[in-house]
Amino acid sequence: IASRTQMQILTALRGIKQPEEIAILEKAAAISVEGHNEVMKAVKPGMTEYQAQAIMEYAFKKNGSEYPGYPSINGSSENACVLHYVTNLRLMKDGDLLLSDCAAEYHGYTADVTRTVPVNGKFSPEQKIIYELVLAAQDSAIAACKPGMPFGGSDATARRVINRGLIQLGIAANEAEARRYFPHGTSHHLGLDVHDLGVRGNQPFEPGMYLTVEPGIYIPPNSKCDPKWWNIGVRIEDDILITRDGNRNLSAGAPRTVAEIEKLAKAKSIFN
């Protein structure tokens, strides 16, 4: 049994990826991106959540992934508001959003990528507002990921943006209420495990750290806000490598903006 000191040393070591590990992680992220892009092109009303999962995982296998990195999450409409939803049985309808939190494992290392897309290929006005608020939070949090900044800074930055936005929209009255709609942390380490070992809290980022940045907003039915916001669940998650002069987004190949997602949704899919 490892001593406390040994575990502290191991945790610090696991948190800094070596060049050989980074090369494998780059491949895992690239395979995951292919899966998300295939789903964006293929998803449509009348498809089930498990069919979206099948397309995603087909792309993983096709590109050399041995396994999914974790149980695939494919939640539409109200299911997108359930953290770690893995039932994936619902029939998707026109006007739904699909939240896909799915990634590939490659040679023992896993990515962790989430995209949220409109099933019919077009965000509604309310969906677009919430989506772009989450995207702004993610952009701000990614910018905070650089050497010397505290690990917890990504969460604090994302939360400030989302709290302010939810209050301005009248969805939350204060920061405590806003927390209900963003109930999880923004970042965790990645590597041999989807929640890998590594220092957190106020410990500073160092080159070689590899982590997620994944803010989200989830507004389930019967929430204490205007019903026009109900059933909107959005998470955007990317895999960020800390470099000497900043960071690099290894999953950037999967569209993140509204315009990019709607454009890819119009592309031809081999599954249609």
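The values are calculated or read from the model by the stated rules, or taken from the named source; none is laboratory data. Keep in mind the model is a prediction, meaning the values are calculated, not measured. Cβ atoms come from the backbone with ideal geometry, glycine included; neighbour counts cover every protein chain shown. Surface accessibility is based on the protein's heavy atoms, side chains included, excluding ligands, DNA and RNA. Shrake-Rupley method; radii C 1.70, N 1.55, O 1.52, S 1.80 Å.
Some notes on this structure:
- Residues being open to solvent by 10 Å² or more (accessible area, probe 1.4 Å), closer than 15 Å to I240 by Cβ and not charged (D, E, K, R) - total across segment 136-147: 5
Condition check ((1) under 29 Å from Y181 (Cα atoms); (2) hydrophobic (A, V, I, L, M, F, W, C)) across all residues:
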{"position": "Q6", "(1), (2)": "no, no"}
{"position": "L10", "(1), (2)": "no, yes"}
{"position": "K17", "(1), (2)": "no, no"}
{"position": "K41", "(1), (2)": "yes, no"}
{"position": "N74", "(1), (2)": "yes, no"}
{"position": "L83", "(1), (2)": "yes, yes"}
{"position": "T87", "(1), (2)": "yes, no"}
{"position": "Y106", "(1), (2)": "no, no"}
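- Options G35, G64, G75, G46: the member that is at pLDDT 95 or above, part of a strand (DSSP E or B) and not β-branched (V, I, T): G75
- Among the residues of segment 196-211, the ones that are in contact with a Phe, Trp or Tyr (Cβ under 9 Å, 6 or more places away or on another chain) and either exposed (fewer than 14 other Cβ atoms within 10 Å of the Cβ) or in a loop (DSSP other than H, G, I, E, B) (or both) come to 9 in all.
- Scan of segment 153-185 for residues that are open to solvent by less than 30 Å² (accessible area, probe 1.4 Å) and small (G, A, S), ordered by number: G153, S154, A158, G165, A172, A178
- Residue among R14, R4 that alone is free of Cβ contacts under 8 Å to residues at least 60 places away in the same chain and of a type in the set (K, R): R4
- Taken over segment 46-63, the criterion of being open to solvent by 60 Å² or more (accessible area, probe 1.4 Å) and either farther than 17 Å from R115 by Cβ or touching a residue at least 24 places away in the same chain (Cβ under 8 Å) (or both) is satisfied by Y50, K61, K62.
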